[in-house]
Amino acid sequence: MKRIALVVFPGFQLLDAAATAVFELANLAAPAPLYELSVVSEQGGLVMSSVGVPIQTEAFDGRAYDTLMISGATVVEPSSGRLLELLRAAMPHTRRMASICTGAFVLAEAGLLATRRATTHWHHATDLQRQHPQIRVEMDRIFVRDGNVWTSAGMTACIDLALALVEDDLGSDMARSVAKKLVVHQRRAGGQSQFSALAELDARSDRIQNALNYAKDHLRERLSIEKLAEIAHLSPRHFSRAFRAATGHSPAKAVEKLRVETARALVEAGQHSVDRIAVETGFSDAERMRRAFLRAYGEPPQALRRVARARSAAEAAVS
């Protein structure tokens, strides 16, 4: 049985504990439990989270772990010397070390990210790079794997990280099954951007948001202003004005942003041809999608796919 431990410390972000639910559900989906879960801290006992809710922990000792996940904190502060010593001592006997959100700063302080690729919450990525220039910080990634060290973006990215760890152990079918039970709408790949087009558009209007949600779920269809206005229960003319006021974009531009974001994730996953992805995301043909990629990213789909393949090959070579 694989021993999985979440490492916490005073002021840790409580949301990071949600990562353990992924392994819990994998246990329930398997014929027999595969993971032994625990929460550990420097001294053991109750550890207070950043929201003032304590969590019971075991003492972090010299026992061997399959996977150690270091939680992050809302406010980044220097780590205790004892915790850093424990992590350094555990590294040679741990199959995987992972950080959630600003937990990357803890690994960096322990010297466990030197010369490695890593990521963290976008808000803190510049500070991580400035404080630890020997790390190759990839500031806009959901998670990054470099050998046996994994790092993730912030907040809900802990779920994506844990799903990737389960997929690494048990395959994609199990990861998809667990994601479905977690009601995760879209299991994000590591190379996907931390930023979401839906979040960026931030409609602040239920009617406009309903139209955006409909568009996201029906990208393959022809998303005319008339159709989206119908979803929003507005006239086309009123809808266009309200949409631009709420999002700062025209409906057509917003739909393109949603399509290109989804298409990029599919292109980098590498499981389907560019032609098929263009159809599935509503671009109709590869050339139209290519032009949209050039506007959004300055590169065509094929270039982004080559970069993603090179990254995967580099990760496989050191894993």
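No lab work stands behind these numbers, since they all come straight from the coordinates. Note that this is a predicted model, so its numbers are computed, not measured. Methodologically, a virtual Cβ is constructed for each residue, glycine included, from the backbone with ideal geometry; neighbour enumeration extends over all protein chains shown.
About its Cα centre, the dipole of the chain is roughly 1080 debye, where the only charges are +1 on Lys and Arg Cβ and -1 on Asp and Glu Cβ. When every Cα-Cα distance of the chain is counted in 20 angstrom steps from zero, the calculated P(r) takes the values 30, 53, 17, 0 percent. Projected label points at Val75 and Leu294, each 7 Å from Cα along the beta carbon direction, are separated by 5.0 nanometres. With the simple spin-label model, which puts each label point 7 Å out from Cα in the Cβ direction, the Met91 to Asp61 separation comes to 2.4 nm.
Annotation: for a label point projected 7 angstrom from Cα along Cα→Cβ of Leu28, residues of the stretch 129-164 with backbone N closer than 20 Å are 158-164.
The stretch between Ser250 and Asp206, if pulled fully straight at 0.36 nm per residue, gains 14.1 nm over its current Cα-Cα span. Counting only alpha carbon atoms, the long axis of helix 19-29 and the longest principal axis of the chain meet at about 90°. Checking every one of the chymotrypsin sites (Phe, Trp or Tyr not before Pro) in the stretch 12-101 against DSSP loop status and a limit of 11 other Cβ atoms within 10 Å picks out no site at all.
Arranged by the count of other C-beta atoms within 10 angstrom, fewest first, what order do Ile100, Ile55, Ile70, Ile142 take?
With the sparsest Cβ surroundings first, the list reads Ile55, Ile142, Ile70, Ile100.
With helices as the sole contributors, the chain gives -14500 deg cm²/dmol at 222 nm; each DSSP H run of n ≥ 4 counts as -39500 (n - 2.57), and the sum is divided by every residue.
Our estimate of slack between Thr115 and Asn213, defined as 0.36 nm per intervening residue step minus the Cα-Cα distance, is 31.2 nm.
Counting 0.36 nm for each residue step from Val183 to Met139 and taking away their Cα separation leaves a gain of 13.2 nm.
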